[in-house]
Amino acid sequence: MRNSILAKIVIYLAGKKLYKSFESAVANPRLTQRKLLLDILKKNTKTEFGKLYNFSDIRSELDFQNKIPIQGYENIDPLIKKIINGDEKILTRDKPLMFNVTSGTSGVPKYIPITKESQKLTIRLMTQWLYRLSSDHSALLNRGILGIAGSAIEGQTPSGIPYGC
């Protein structure tokens, strides 16, 4: 019971602040998305992918659409393999903490790099989601929660980066 109350307080305090930020962002989604896109490009200008597509020359969504073709995983697979083998600054300036591995339902499993920044964003998103969920369903955390998961770390790449689900 005490853990339930503590969890509710933590989710409420952290979630309320994040949700206010979210509400502010969705007030002008075009501006929010443009800023996010340009921030991502700026942070990754000096990566191999950023140099290949001249991220430093992109100033708008239209520039982005015109300069960077839509790509499937097969297009970036050679770059992912470089990261797996220890090369840095390939797709992102940040070294991956780990790789999420897909189940491979459409062929060979795919390796999705998880950076510290993407992990923080995922935690923020989940905190906001839990805040709204518990706001709409106040009894949500009154009882235990059953979570079913596999092993988070299933192995390591040749360069020592963990991978799993």
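The values are calculated or read from the model by the stated rules, or taken from the named source; none is laboratory data. Note that the structure is a prediction, hence the values are computed from the model and not measured. All Cβ positions, even for glycine, are placed from backbone atoms using ideal geometry, and neighbour counts span all protein chains on display. Heads up: the accessible areas ignore ligands, DNA and RNA and are worked out on the full protein's heavy atoms, side chains in. Shrake-Rupley method; radii C 1.70, N 1.55, O 1.52, S 1.80 Å.
So in segment 1-12, with the set limited to residues that are part of a helix (DSSP H, G or I) and surrounded by fewer than 11 Cβ atoms within 10 Å (Cβ to Cβ), which one is modelled with the highest pLDDT?
Filtering segment 1-12 for residues part of a helix (DSSP H, G or I) gives 2-12.
Right, trim to surrounded by fewer than 11 Cβ atoms within 10 Å (Cβ to Cβ) and you get 2-3, 9.
Values: ARG2: 58, ASN3: 61, ILE9: 85.
Looking at the filtered set, the residue picked out is ILE9.
Looking only at segment 70-89, decide whether some residue is charged (D, E, K, R), modelled with pLDDT of 95 or more and within 18 Å of ILE40 (Cβ to Cβ).
Among the residues of segment 70-89, at least one is charged (D, E, K, R), modelled with pLDDT of 95 or more and within 18 Å of ILE40 (Cβ to Cβ), which makes the answer yes.
Among (1) in a loop (DSSP other than H, G, I, E, B); (2) open to solvent by 80 Å² or more (accessible area, probe 1.4 Å), there is one condition ILE90 misses while meeting the rest; what is its number?
Among (1) in a loop (DSSP other than H, G, I, E, B); (2) open to solvent by 80 Å² or more (accessible area, probe 1.4 Å), the lone unmet condition for ILE90 is (2).
Among the residues of segment 110-131, which ones are out of contact with any helix residue (DSSP H, G or I) (no Cβ under 7 Å at 6 or more places or on another chain), part of a helix (DSSP H, G or I) and open to solvent by 50 Å² or more (accessible area, probe 1.4 Å)? Steps first, answer last, please.
Filtering segment 110-131 for residues out of contact with any helix residue (DSSP H, G or I) (no Cβ under 7 Å at 6 or more places or on another chain) gives 112, 114-123, 125-126, 129.
When the remaining residues are screened for being part of a helix (DSSP H, G or I), the result is 116-123, 125-126, 129.
Within segment 110-131, LYS116, GLU117, GLN119, LYS120, LEU121, THR122, ILE123, LEU125, MET126, TRP129 qualify.
Of everything in segment 55-87, what is under 18 Å from THR115 (Cβ atoms) and open to solvent by 80 Å² or more (accessible area, probe 1.4 Å)? Give them in sequence order.
LYS81, ASN85
I'd like to verify a number: residues in segment 13-31 that are open to solvent by 50 Å² or more (accessible area, probe 1.4 Å) and without any contact (Cβ under 8 Å) to a residue 24 or more places away in the chain, how many? Full working, then the answer.
Taking segment 13-31 and keeping what is open to solvent by 50 Å² or more (accessible area, probe 1.4 Å), we get 13, 16-17, 19-24, 26-31.
Those still in the list that are without any contact (Cβ under 8 Å) to a residue 24 or more places away in the chain too: 13, 17, 20-21, 23-24, 26-31.
Final tally of qualifying residues: 12.
Restricting attention to segment 41-51, and to residues there that are assigned to a helix (DSSP H, G or I), touching a helix residue (DSSP H, G or I) at 6+ places or on another chain (Cβ under 9 Å) and without any contact (Cβ under 8 Å) to a residue 24 or more places away in the chain, which single residue is surrounded by the most Cβ atoms within 10 Å (Cβ to Cβ)? Walk me through how you get there before you give the answer.
So in segment 41-51, the residues assigned to a helix (DSSP H, G or I) come out as 41-43, 48-51.
From what's left, touching a helix residue (DSSP H, G or I) at 6+ places or on another chain (Cβ under 9 Å): 41-43, 48-50.
Pick out the ones that are also without any contact (Cβ under 8 Å) to a residue 24 or more places away in the chain and you get 41-42, 50.
Working: LEU41: 20, LYS42: 12, GLY50: 22.
Ranking the qualifying residues of segment 41-51, first place goes to GLY50.
Select from segment 13-34 the residues that are of a type in the set (A, V, I, L, M) and in a helix (DSSP H, G or I) and list them in ascending order.
Looking only at segment 13-34, we keep the residues that are of a type in the set (A, V, I, L, M), and these are 13-14, 18, 25-27, 31.
Passing the criteria: LEU13, ALA14, LEU18, ALA25, VAL26, LEU31.
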